[in-house]
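Q: Sharing a structure here in structure tokens format.
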Amino acid sequence: VQLQASGGGLVQPGGSLRLSCAASGSIFMINHMGWYRQAPGKQRELVAAITRGGSTNYADSVKGRFTISRDNAKKTVYLQMNSLKPEDTAVYYCRMLASGNKYWGQGTLVTVSS
């Protein structure tokens, strides 16, 4: 099983980015999909998560700015990030939970800077 994350890059404050993470291989009935981030010198933290049924939760710092969504048929999770701030700069990782197993993507760097 592999999770391929994409969509990171350099963006100015106030800008937007859309991250994608697609799973491939023998992974089925993905219950939980989420995005985490890790800034330099800080611990990895949950940004947003979504269940198979579509229930979501967000870190307080991104509520109202980020939106998580998923496409079960494509085994893909998305993170739409709007009104980006310099403090959103981090490596973003996707994670999926399926059949009692935990899978991580390789990370994609998001840099918010003018």
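Q: Does any residue of region 49-57 turn out to be exposed (fewer than 13 other Cβ atoms within 10 Å of the Cβ), in contact with a Lys or Arg (Cβ under 6 Å, 6 or more places away or on another chain) and either polar (S, T, N, Q) or closer than 30 Å to SER114 by Cβ (or both)?
A: No; the residues of region 49-57 include none that is exposed (fewer than 13 other Cβ atoms within 10 Å of the Cβ), in contact with a Lys or Arg (Cβ under 6 Å, 6 or more places away or on another chain) and either polar (S, T, N, Q) or closer than 30 Å to SER114 by Cβ (or both).
Q: Could you list, ordered by first residue, the pairs with Cβ atoms under 8 Å in which the first is in region 89-114 and basic (Lys, Arg) and the second is part of a loop (DSSP other than H, G, I, E, B), at least 6 apart or interchain?
A: So the pair list comes out as ARG95/GLY105.
Q: Suppose we filter region 71-114 for residues that are part of a loop (DSSP other than H, G, I, E, B) and surrounded by 15 or more Cβ atoms within 10 Å (Cβ to Cβ); how many remain?
A: The qualifying residues number 5.
Each value in this text was obtained by applying a stated rule to the coordinates, not by laboratory testing. Here the structure is a predicted model, which is why all the values come from computation and not from measurement. All Cβ positions, even for glycine, are placed from backbone atoms using ideal geometry, and neighbour counts span all protein chains on display.
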